[in-house]
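Please treat every number below as a calculation from the coordinates, not as lab data. Everything quoted here is computed from the prediction, not taken from an experiment. All Cβ positions, even for glycine, are placed from backbone atoms using ideal geometry, and neighbour counts span all protein chains on display.
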Amino acid sequence: MLRPYLVDTHCHLGDAAFDADRDAVLARARAAGVTHVVVIGESLAGSERAAALTRGTSGLSASAGVHPHEARQWSDTARERVRELLAAPAMVAVGETGLDYHYMHAPREIQRNAFAAQLELATELGKPVIVHAREADADMAAMLLSLPRPPAVVLHSFSSGDGVWDAGLAIHAYFSFSGMITFKNWTLQPRLRECPADRLLLETDAPYLAPVPHRGRRNEPGFVRDVAARAAELRGETVESLVQQTTANARRCFGSRIDSTL
């Protein structure tokens, strides 16, 4: 049994997939040794839900931002609302933001503008920024490397190519790995092994990307222990030492709020 200090650094706990049994999901997370969950805001409405979940609930912190799929939402009004949400102590990061040229729910220029604005906001507020990157490696790398004073950057559910990897190393980003590392067709094992120990984070991205042996089911934060077990195996470490390191990294990245427990 893992000691109870696992952190799920990326969970869409406000998603409707959890509406029927959210309390039971968190109870199972506690039983799996998870003490803290970072709840992700991916839209204005999602950020409001994430913020609401943290109120009066220990062991939860949250982010506020606009995902590239929702980049058309970004405006001066949206910026001010995100800024207001981020003033609460439980709101620990900007995002999820970034670039996604796979689905192209918003034109590239609109995505880049929204991403640049949220990078600027994170720098202004002194908060980390949670970054989604899919099939946008050249623009993502260029934008990260162009930051004069980069905030703490979390490259979430890392699956990018060499350009983003090298840019992340150059700006001392955190690399967060999800249940994808348990999939048979996952090919980035060298990146997980090469990731500097002090830059490694673990996440579920629940309700998406359920790890083996839960493929085909709704993902949930308790399954981060399966991600930890596979990461330790691939890195040739004990689960205990990897969990200690990644929890320390989460605390360094997101702040002392991570010490609050479910």
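Of note:
- Separation of the residue 28 and residue 134 label points, Cα + 7 Å toward Cβ, nm: 2.4
- Rh (Kirkwood; distinct C-alpha pairs) - segment 1-48, Å: 11.5
- Cα-Cα P(r), the chain, percent of pairs per 10 Å interval: 8, 34, 39, 18, 1
- Cα centroid separation - segment 123-174 against segment 189-262, whole Å: 19
- For the peptides 202-210, 33-41, residues were scored by their other Cβ atoms within 10 Å and the scores averaged per peptide; the highest-first order is 33-41, 202-210.
- Sorting the segments 241-251, 104-114 by their residues' average number of neighbouring beta-carbon atoms within 10 angstrom, most packed first, yields 241-251, 104-114.
- For segment 108-155, the Kirkwood hydrodynamic radius comes to 10.9 Å, computed from all pairs of different C-alpha atoms.
- For residue 111, net neighbour charge (Lys/Arg +1, Asp/Glu -1) across residues whose Cβ lies under 12 Å away: -1
- For segment 53-163, projected area of the alpha-carbon convex hull averaged over all directions, nm²: 7.0
- Modelled spin-label separation between residue 172 and residue 241, with each label point placed 7 Å from Cα along the Cα-to-Cβ direction: 2.4 nm.
- Taking the helices alone, the chain has a mean residue ellipticity at 222 nm of -11500 deg cm²/dmol, built from -39,500 (n - 2.57) per DSSP H run of at least 4 residues and averaged over all its residues.
- Average Cα contact separation per residue, segment 135-262, under 8 Å, 6 or more apart, as relative contact order %: 19
- Dipole moment magnitude, nearest 20 debye, segment 107-262 about Cα centre, only Lys, Arg, Asp, Glu C-beta charged: 320
- Equivalent ellipsoid semi-axes - Cα gyration tensor, segment 1-80, angstrom: 27, 12, 11
- Toward the positive end of the charge dipole of segment 192-256, with +1 on the Cβ of Lys and Arg and -1 on the Cβ of Asp and Glu, the farthest Cα among 206, 238, 249 is that of 206.
- For the chain: relative contact order, % (alpha-carbon pairs under 8 angstrom, 6 or more apart): 22
- Divide the volume of the convex hull around the Cα atoms of segment 120-250 by the residue count and you get 109 Å³ per residue.
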